[in-house]
Amino acid sequence: MLKEAPSARDRNDEADTSASSAKTAKAAATFVKPREIVHADAVVALREDIRAKLVYAIGKTPEAARERDWFAATALALRDRIVDARDRAQAGTVPDKRVYYLSLEFLIGRLLSDAMNNLGLVETTRAALRDLGIDLADVEGAEPDAALGNGGLGRLAACFMESMASLSIPAVGYGIRYDHGIFRQSLENGWQREAPETWLAEGNPWEFARPEATYTIGFGGHVTMTSQGDHHIRRHWHPAETVNAVAYDVPIVGWKAKHVNVLRLWKAEADAPVELARFNAGDHVGAVAGRARAEAISRVLYPSDSSAEGQELRLRQEFFFTSASLQDLVRRHVAERGSLRSLPDHAAIQLNDTHPAIAVPELMRILMEDHDLPWEDAWQITTHTLHYTNHTLLPEALETWPVELMERLLPRHMQIIYLINWLHLEEQSKNARSGAFDVSTVSLIDETHGRRVRMGPLAFHGSRRVNGVSALHSELLKSTVFKDLHAIEPEKIINKTNGITFRRWLHNANPELTALAVEAAGEGVLDDPTLLERLVPFADDADFRKRYAAMRKARKERLAQVIAERTGVTVDPSALFDVQIKRIHEYKRQLLNLIETVALYQAIKQAPHKDWTPRVKIFAGKAAPSYVQAKLIIKLAGDIANVVNNDPEIGDRLKVVFLPNYSVSLAEVIIPAADLSEQISTAGMEASGTGNMKLALNGALTVGTLDGANIEIKDHVGAENIFIFGLDAEGVLARVKEPDYAAKAIAASARLAAALDAIGNGTFSPDDPGRFAPLVDELRHGDRYLTTVDFEDYWRVQREIDAAWKRPAQWWRAAILNTARMAWFSSDRSMREYAEEIWRVKVA
Ligand code: 26W
């Protein structure tokens, strides 16, 4: 329940949310970045640099240049300034300790606005381009998203990279330079279609190719043993196949350009582009086959973020980037410090999920084989350098690899894993009072589904610290997936609640709200988000609320335009914008939202003259190409939209929109325009969520379950400023034990039954009435995600939200309090915590 507004006068002032003054909206929309001092000579210098880049680096005249060319020229000119900033701040210094963030995904999006903002050159760049007759917005629009990630995990890595640079934490991010990031989604008749994404088609002006940083990555082959006559047997791996990993560096500039880090992405190249012997023998095709096989490794990002695929190419990707990164950081350490024994003092390696978990045996192998260290020393170094973050509890997402595949692809690593496991189990059977402890539960090898290596336990055992990504998630790690390993090492699991970078998700995505925040809290709020707390008293200021609402209205008008362009649907910007944007997955329960949409549609049809709160239901998100149910959910959203949006009886009371091709850039447009944030996963299943944080920071009110970081958001914004519904994680655990819980829930709710009937009987798919039977049957007979169980409470809270929207003073008060109290969710806070409690590196 939202709190009462302070006075009756305010309520009258704001009686109509849609009547925000057009003038205020415009003033806010065209506002100038707070206090960037634009020096005329800096504008001239940048203008001339951009012109020179265009002519000499791109090879175009200003007359012939397209927007994409101007973008490249601008990026190159700014990249020079980033390099200068790095040399000013860090020239020739060796940091005491570096963080190495290993991630198979970095979902960066565009870099231009980040770079301009952190260099303090937004207005300078705008003016320089204006002098050249070019509009900055057009140039920004010409930058392709670097979409080297699927969703939450990849975007988190990007936010962390920006925050580490802003906090001057010396760090290198390591990943893969995929030719093709996440696929482009289009809708064909409402069905998801995937097309390859080609962000590198015209090159990447931000990156530096570093062919001098090339490492050899082995696969397959055999292992030999030699004795040096010192009672010491040495094993040596002879790979059958080798691939080169070539470095490409993207500089990441921190806030106010005080520090620059690098994101080093590896490209796979064949060591011999053409096998000469075969070529000369006339086998011209066979001579280049090896090259294609090698280069396939960095060709494409795997588009599944919720089920482990078990494909050989995926394991090759994981080992490829992990090995290259470890070789690189070991080489750097030896060059700077000599002995590898001090590696844990000067390097902290973070494994982003289990995707780089092969680092455990690979670091052991490098230390023993390449650097001649004995097992015990190598184990000591490894387990004091590695740290592991878990991002999911879903059993189908926990990685395991068949022993047979590991033995074939990485024979030496399999031997090392066996030895690690043997020592580990020996230790446990010694500790365990006989019979009291089943060691198979902590084994690194799963013997129940064929023999498979369990990457989670491997990463756990090889790491100094293991963390979950929200308070609830970290507790669930202790009580579920890592229960037995946790009992052995109760200090190992800690919590590090996720965060988001405010530079991107507030300053850049929402300059209008940023201007309001600066006005209310002072310039310092840009450096220190905890000052947002100063907005609290403004929640009770009717004039401030009015301007806050006007800011939102302007952003909704912009989004309405995008919706019209991309879907052809006209929406009223004064309606409540209800937003669910994230990967499409059953546990995230887009289906719950859609069923409620249908129930609402039916209720409006029954009582069209009631005073309904006008709503626009906005969905966006990609489904894994092989995830049949998720793709059917997208089709359902489209089919419901077609019926609802074209029903003359409904009008503007309800509109449904599915925006195709969700991306970081689209998120930046949707989030500032959202009134309501849907965070409705089955409790216990969303590890954290980070979209929830972006939306709440921008003042959308959350409707959510007590799941992941929603719980902590509630604690910060206050229970009266968030809409919580449904079972909590304990309730879910209890309910799934009850037989027929779905049937009972459906029997108890006529509204739910009617909505399911309509979906199941073809009301929204007259061309194929049985189309959605798989969805409805699953709900009636399985309902693994308790959609039916939570429905009634979700309906209740949605009607409460309808009522709250009609009290604008209270609504905007709650929205402002959300913005004011979200500072804790800055990824600067997350990174400070990692730095102090996991990495033990100094933060400036
Ligand atoms: C092996 C297939 C696969 C690929 C990716 C399985 C699982 C993943 C990721 C762990 C999925 C992911 O992105 N998880 C999300 O991580 C975010 C950042 O911590 C959290 O906020 C989300 O709740 C979590 O779903």
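The values are calculated or read from the model by the stated rules, or taken from the named source; none is laboratory data. Model, not experiment: these values are computed from the prediction. Note that each Cβ is placed from the backbone with ideal geometry, even for glycine, and that neighbours are counted across all protein chains shown.
If you go through region 462-472 one residue at a time, do you hit one that is assigned to a helix (DSSP H, G or I), within 16 Å of the ligand (Cβ to nearest atom) and touching a strand residue (DSSP E or B) at 6+ places or on another chain (Cβ under 7 Å)? The answer is yes, given that some residue of region 462-472 is assigned to a helix (DSSP H, G or I), within 16 Å of the ligand (Cβ to nearest atom) and touching a strand residue (DSSP E or B) at 6+ places or on another chain (Cβ under 7 Å).
Given the residues I297, I381, which is the only one that is closer than 20 Å to R408 by Cβ and more than 16 Å from the ligand (Cβ to nearest atom)? It would help to see each step written out before you state the result.
Values: I381 fails: closer than 20 Å to R408 by Cβ.
Only one candidate passes the filter, namely I297.
Of all residues in region 162-186, those satisfying the criterion of being within 14 Å of the ligand (Cβ to nearest atom) and aliphatic (A, V, I, L, M) are I176, I182.
Residues satisfying the criterion are absent from region 254-266 (criterion: among the aromatic types (F, W, Y), within 16 Å of the ligand (Cβ to nearest atom) and out of contact with any Cys (no Cβ under 8 Å at 6 or more places or on another chain)). Consider region 437-461 and keep the residues that are in a helix (DSSP H, G or I) and small (G, A, S). The one that is surrounded by the most Cβ atoms within 10 Å (Cβ to Cβ) is A459.
Scanning region 130-155 for residues that are assigned to a loop (DSSP other than H, G, I, E, B) and within 16 Å of the ligand (Cβ to nearest atom), which turns out nearest to E67 (Cα to Cα)? Full working, then the answer.
Step one: of region 130-155, the residues assigned to a loop (DSSP other than H, G, I, E, B) are 132-135, 142-145, 149-151.
With within 16 Å of the ligand (Cβ to nearest atom) added as a condition, the list becomes 149-151.
On the way: G149: 26, N150: 28, G151: 28 Å.
The residue in question is G149.
Listed here are the residues, each with its yes/no results for (1) within 16 Å of the ligand (Cβ to nearest atom); (2) buried (at least 23 other Cβ atoms within 10 Å of the Cβ); (3) outside any helix (DSSP H, G or I); (4) modelled with pLDDT of 95 or more.
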position	(1), (2), (3), (4)
I670	no, yes, no, yes
E678	yes, yes, yes, yes
T682	yes, yes, yes, yes
A687	yes, yes, yes, yes
L695	yes, yes, no, yes
G699	no, yes, yes, yes
D707	yes, yes, yes, yes
D715	no, no, no, yes
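Contact map, region 153-176: first residue over 14 Å from D249 (Cα atoms), second residue more than 16 Å from the ligand (Cβ to nearest atom) and of a type in the set (D, E), Cβ cut-off under 8 Å, separation 6 or more or different chains; pairs are E162/D114; S163/D828; S166/D828; L167/D828.
Within region 309-336, residues that are at pLDDT 95 or above have Cβ atoms under 8 Å from residues that are acidic (D, E) in these pairs: F319/E362; T322/E362; S323/E362; L326/E362; V330/D370, counting only partners at least 6 apart in sequence or on another chain. Quick one: would you say T501 is touching a Ser or Thr at 6+ places or on another chain (Cβ under 9 Å) and not charged (D, E, K, R)? Yes.
The condition (being under 27 Å from E197 (Cβ atoms), crowded, with 21+ Cβ neighbours inside 10 Å, of a type in the set (A, V, I, L, M) and modelled with pLDDT of 95 or more) is satisfied by just one residue among A128, A65, A77: A77.
When L410 is tested against (1) within 16 Å of the ligand (Cβ to nearest atom); (2) touching a strand residue (DSSP E or B) at 6+ places or on another chain (Cβ under 8 Å), exactly one condition is not met: (1). Scoring E309 on the criteria (1) surrounded by fewer than 18 Cβ atoms within 10 Å (Cβ to Cβ); (2) more than 10 Å from the ligand (Cβ to nearest atom) leaves a single failure, condition (2). Using the structure shown, decide if F764 is in a loop (DSSP other than H, G, I, E, B), surrounded by 20 or more Cβ atoms within 10 Å (Cβ to Cβ) and modelled with pLDDT of 95 or more. In short, yes.
Among the residues of region 648-668, the ones that are assigned to a helix (DSSP H, G or I) and either under 18 Å from the mean Cα position of the chain (by Cα) or modelled with pLDDT under 95 (or both) come to 5 in all.
Is it true that some residue in region 340-350 is under 27 Å from N204 (Cα atoms), within 14 Å of the ligand (Cβ to nearest atom) and within 23 Å of the chain's Cα centre (by Cα)? Within region 340-350, one or more residues are under 27 Å from N204 (Cα atoms), within 14 Å of the ligand (Cβ to nearest atom) and within 23 Å of the chain's Cα centre (by Cα). Might you let me know whether region 511-518 holds any residue that is within 16 Å of the ligand (Cβ to nearest atom), within 12 Å of L697 (Cα to Cα) and assigned to a helix (DSSP H, G or I)? No: region 511-518 contains no residue that is within 16 Å of the ligand (Cβ to nearest atom), within 12 Å of L697 (Cα to Cα) and assigned to a helix (DSSP H, G or I).
Have a look at R314, R291, R332 and point out the one that is at negative phi, assigned to a helix (DSSP H, G or I) and within 16 Å of the ligand (Cβ to nearest atom). So that I can check it myself, show each step before the final result.
Working: R291 fails: within 16 Å of the ligand (Cβ to nearest atom); R332 fails: within 16 Å of the ligand (Cβ to nearest atom).
None of the other options fit; the residue is R314.
Summed over region 494-510, residues that are part of a loop (DSSP other than H, G, I, E, B) and either surrounded by fewer than 22 Cβ atoms within 10 Å (Cβ to Cβ) or within 16 Å of the ligand (Cβ to nearest atom) (or both) total 5.
Residues to consider are K483, K492, K496; find the one that is among the basic types (K, R), modelled with pLDDT of 95 or more and in contact with a Gly (Cβ under 8 Å, 6 or more places away or on another chain).
Details: K483 fails: in contact with a Gly (Cβ under 8 Å, 6 or more places away or on another chain); K492 fails: in contact with a Gly (Cβ under 8 Å, 6 or more places away or on another chain).
Within the list K483, K492, K496, the selection yields K496.
Within region 182-232, the set of residues being in contact with a Leu (Cβ under 8 Å, 6 or more places away or on another chain) and crowded, with 16+ Cβ neighbours inside 10 Å comprises I182, P205, W206, E207, F219.
This table checks each residue for (1) of a type in the set (V, I, T); (2) in a helix (DSSP H, G or I); (3) surrounded by fewer than 22 Cβ atoms within 10 Å (Cβ to Cβ).
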{"residue": "G524", "(1), (2), (3)": "no, yes, yes"}
{"residue": "D543", "(1), (2), (3)": "no, yes, yes"}
{"residue": "D578", "(1), (2), (3)": "no, no, no"}
{"residue": "L592", "(1), (2), (3)": "no, yes, no"}
